[in-house]
Amino acid sequence: MKNFKKILAVVLALALTAVIFAACSGGKNANSQASDETESAAAADAAAISTVTDGKLTMATNAAFPPYEYVEGDQVIGIDAEIAAKIAEKLGLELEIVDTEFDSIIPGVQSGKFDMGMAGMTVTDERLESVNFSDSYAKGVQVIIVPEGSAITSVDDINENTKIGCQVATTGSIYAQDDYGVDAVQEYSKGADAVQALLSGKVDCVIIDNEPAKAFVAENEGLVILDTAYVEEDYAICFNKNAGALEEQVNEALKELIADGTVQSILDKYISAE
Ligand code: GLN
């Protein structure tokens, strides 16, 4: 009888342990299910992302970079404006474009003044220290614009004594300063101003992205474009490093627009095949 009591106690203890164990692991499952539900609800709910102005997607650009962004009438139009409008539509937000200086875009994104920057902006390691970038949606390459008949016929003719015009804070300016020294480079607030300086003989050449170069040469007589040895650049949208869900959702929308051919058709609309 004594033994029977002992066995019963052991059995009961084991049973109790099993019950406690089941309860605990059951609780664990219940918790993780709850957090999964919260996550998927957040992802599905675009309203959960916070933007600078409620209901709006505020994009900073420098509308002096045709065909990516330029002013027509009182509107900023171009490749970036159209892609951003499609992204905003997918997110259920109204697109607000702020036209600012190129070198104010990253500081404004960092300080939380803008939700994102989209300005034919090249992804560079240095910029990645200040902002995050989306997937790339287009390519660019730096080229040299010279007056017809210029002594500069290739990149090899450029040296520290060449007066090089560039748009302020752009990769063209950064590369030119790296390669030929700070003194060789004259920076202008707009690429078009650098081109005017070229036309009036203040600079010997302009180093700028290929698509705006084509637009500036088409608008002004007597200029030609030389190819450079500079590598292809990736254009992407920049975000505050803490943009979190906003960055994820914008990038997700961009991915979809790339996958379904929308981005390519916008590029084709503005850039004619050579
Ligand atoms: N792609 C170049 C850069 O990111 C120029 C961009 C621009 O002038 N809008 O520096």
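For the stretch 130-235, the solvent-accessible area of protein heavy atoms averages 45 Å² per residue (probe radius 1.4 Å; ligands and nucleic acids excluded).
Note down the net charge around residue 270, summing +1 for each Lys or Arg and -1 for each Asp or Glu among other residues with Cβ under 9 Å from its Cβ. Counting the neighbours of residue 270, the net charge comes to -2. Measuring between alpha carbons in the structure, the pairs from 86/241; 190/269; 139/214 lying more than 20 angstrom apart are 86/241; 190/269.
Give me the percent of accessible area attributable to carbon and sulfur for the stretch 47-195, probe 1.4 angstrom. Walk me through the numbers on the way to the answer.
Working: 2780 of 6490 Å².
Its accessible area is 43 percent carbon and sulfur atoms.
The calculated FRET efficiency for residue 258 paired with residue 113, based on their beta-carbon distance and R0 = 22 Å, is about 0.20. Largest accessible area first, the listed residues 260, 103, 183 line up as 183, 260, 103 when surface is computed with a 1.4 Å probe on the assembled protein chains. With each label modelled as a point 7 angstrom along the Cα→C-beta vector, the residue 231-residue 90 pair spans 2.8 nm. In this label model, residue 200 and residue 74 are separated by 3.0 nm, measuring between points 7 Å along each Cα→Cβ vector.
Excluding residue 65 itself, calculate the net charge of residues whose Cβ lies under 10 Å from the Cβ of residue 65, where each Lys or Arg counts +1 and each Asp or Glu counts -1. Intermediate values should be presented prior to the final figure.
Values: positive: 190; negative: 69, 80, 209, 211.
With Lys, Arg at +1 and Asp, Glu at -1, the neighbours total -3.
Between residue 189 and residue 141, full extension at 0.36 nm per residue minus the direct alpha carbon distance yields a gain of 15.3 nm. Counting only DSSP beta bridges whose two residues both lie in the stretch 70-221, roughly 55 percent are antiparallel. Measure off 7 Å from each Cα along the Cα-to-Cβ vector at residue 99 and residue 156, then give the distance between these two points in nanometres to one decimal. That separation, rounded to one decimal, is 4.3 nm.
The values are calculated or read from the model by the stated rules, or taken from the named source; none is laboratory data. No experiment lies behind these values; they were computed from the predicted model shown. Because the Cβ atoms are built from the backbone with ideal geometry, glycine has one as well, and the counts that use them run over all protein chains shown. Note: areas computed on protein heavy atoms with side chains; ligands, DNA, RNA excluded. Shrake-Rupley method; radii C 1.70, N 1.55, O 1.52, S 1.80 Å.
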